[in-house]
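Let me begin by presenting the structure, written as structure tokens, before commenting on it.
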Amino acid sequence: MAPVSWEHPSTPIVIDVNVLSVYRMDEVMLHYMSRIKLDMIWFDHRIGLNNLKDEEHENLLSKVEQDKLWLPYLRFTTSAKIKFSDTDDSVSIMALKKGSFKTNSVNHVAENFVFEVLKCL
């Protein structure tokens with residue numbers, strides 16, 4: 001379910017597409033195949049993560065963690081086979097350290113810095 005609430009009625013998603021290569025061009029039929037890199041960035045106010053690193057590549061989420069997240073749904077309607085966004089081995093999700101953090105209460109054994117806002121890529 002999308003991360004919406006009364007305080008956050010919508011979830012803006014920034015999409016950045018980079019064309020890595022274009023091949024199999026058919027100029028007569030106006031068809032081509034391409035390889036793209038697609039980045040989607042959004043904030044999910046419901047998620048808190050412990051001890052995020054400053055460098056985003058150090059906050060790569062595991063497949064188990066990825067499966068627990070809501071991910072934006074993206075549909076490619078102009079492709080030969082209509083494709084939908086999905087997570088597979090080619091998908092990486094990173095948590096970006098944005099916003100403030102709070103420390104655990106004294107009732108917790110481990111001392112953690114809990115970041116309440118997650119920005120995924």
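Values in this text are rule-based calculations from the coordinates and carry no lab data. None of the values given here were measured: they were computed from a predicted structure. Glycine gets a Cβ as well: all are built from the backbone with ideal geometry, and neighbour counts include every protein chain shown.
Here residue 18 fits the description: without any contact (Cβ under 8 Å) to a residue 40 or more places away in the chain and either surrounded by 10 or more Cβ atoms within 10 Å (Cβ to Cβ) or within 19 Å of the chain's Cα centre (by Cα) (or both). Looking only at the range 1-15, residues that are surrounded by 12 or more Cβ atoms within 10 Å (Cβ to Cβ) and either more than 19 Å from the chain's Cα centre (by Cα) or not in a strand (DSSP E or B) (or both) come to 5 in all.
Return the residues of the range 25-35 that are more than 30 Å from the chain's Cα centre (by Cα) and either assigned to a strand (DSSP E or B) or of a type in the set (D, E, K, R) (or both); say none if nothing qualifies.
Let us first name the residues in the range 25-35 that are more than 30 Å from the chain's Cα centre (by Cα), namely 25-30.
Once the filter is applied, which keeps residues that are more than 30 Å from the chain's Cα centre (by Cα) and either assigned to a strand (DSSP E or B) or of a type in the set (D, E, K, R) (or both), the range 25-35 yields 25, 26, 27.
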